[in-house]
1. With only Lys, Arg, Asp and Glu charged, each at its Cβ (+1 for the first two, -1 for the last two), find how big the charge dipole of segment 202-289 is about the Cα centre; round to the nearest 20 debye.
2. Across segment 93-184, how large is the tail of the calculated P(r) beyond 15 Å, expressed as a percent of all Cα pairs?
3. Return the long-range amide H neighbours of GLY291 (sequence gap of 5 or more, or a different chain), with a cut-off of under 5 Å between placed amide H atoms.
4. Long-range amide H contacts for LEU327: which residues qualify at under 5 Å (H placed 1.01 Å from N, peptide plane, sequence gap of 5 or more or a different chain)?
5. Would you pull out the residues with amide H under 5 Å of ASN199's amide H, same chain only if 5 or more places away, H placed 1.01 Å from N?
6. When only Cα pairs under 8 Å and 6 or more residues apart are kept, what is the percent relative contact order across segment 69-111?
7. Please work out the FRET efficiency for the pair ARG151 and LYS248, using the Cβ-Cβ distance as r and a Förster radius of 41 Å; give the result to the nearest 0.05.
8. So what is the accessible area of segment 151-213 per residue, in Å², with the probe set to 1.4 Å?
Amino acid sequence: MKKRATIIFILIFILILSGCSSKTVSTKETNNDNMAKSNVVSNTYQKQPEIVQNICYFTGNEYNNDHYIFAVMINNELGAIPQSSLNEAEMLYEALIEGGATRIMAIYHHTYPKKIGPIRSARPYFMQIAKSLNAYYVHCGGSPQSYRLIRNKYIKDIDAIYIGNNIFFRTTDRKAPHNLYSSQEKLISYAKKKGFDKNQAKDLYKFTDSFSNVSNGDNSEIIIRFSGWYNIKYKYDSSNLKYLRYIKQKPHIDKETNEQIYAKNIVILKAHYNTIRNDDKGRQEVDFSNGSGYLIQEGKTVNINYTFDLNNSFKLTDSNGKEINLLKGNTWFELVPQYGDIQIK
């Protein structure tokens, strides 16, 4: 009996030790779990890195894609309308060429249009503006005056005449010269292949969320006549705080989206045009070194003065000499000849 009692006692003791060992392991696991949870909580409250906002110097808006700056010559003759991706351009410059039509130079930096054009030939005054914006100049051919500048390395350019179908392409829905296009992807590919530096935009203008300039009056419609047969109109869309664009009284439509072309800011600059002496096509030279004009924003008109140079592009001030503010969004610059007509209603 004593022997049996001794065995039972030993068994009970072993069971007790086993239970203690199990509890010890469980406690250790619990401690590890608590430590892991503590680390998670600790990591949650670690200082987060600051988010750097990238602001586009052409629109004042935030951007994600930092690309090269391209200034693309856009055909604006009647056979080329509607064009592709004008609403994706950040700034646009319209000026008169020979024959009474205008041409448009569209600036693309942070947008990524798949089809840009139709693309047309170079003119020196557009090249001046592109250079002042630190942009690569995209065109197809050019005037003799333009090619003199290109040969003298005035600006780094991308010319469809010499590059071919890898970067530029023609469509079959229109006849040449109204059917030549490219894309942001193709232009970037070419720039990388040629080792172009990624050009930096200049901090030229201040941008605000709403109108902040000194108004000289209200407006709802702006009509600009460049020549005897070519005119444009902007009508203010107060519900969307932007101006809808018309050509010869018809809505100016983007071919890719079927949306009407619009502007958040319209900068009207009075420039001085002359026909180049002995030029067989009647090509123009344009003096926009300084002058006056108007800034059109949110149904308000601001009388402005401007100066231009290659370092600062167009410097815009109000009648008191104060620098004007642009609204966040795109801007159309209209370089109107001295004999043109500007109606602000």
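The values are calculated or read from the model by the stated rules, or taken from the named source; none is laboratory data. Here the structure is a predicted model, which means the values were calculated and not measured. Glycine gets a Cβ as well: all are built from the backbone with ideal geometry, and neighbour counts include every protein chain shown. Keep in mind that these areas ignore ligands, DNA and RNA; they rest on the heavy atoms of the full protein, side chains included. Shrake-Rupley method; radii C 1.70, N 1.55, O 1.52, S 1.80 Å.
1. 220 debye
2. Percent of Cα pairs beyond 15 Å in segment 93-184: 60.
3. TYR306
4. Amide H neighbours of LEU327: THR208.
5. Amide H to amide H, under 5 Å and 5 or more residues apart or across chains, ASN199 pairs with ILE69.
6. Here the relative contact order equals 52 percent.
7. 0.65
8. 64 Å²
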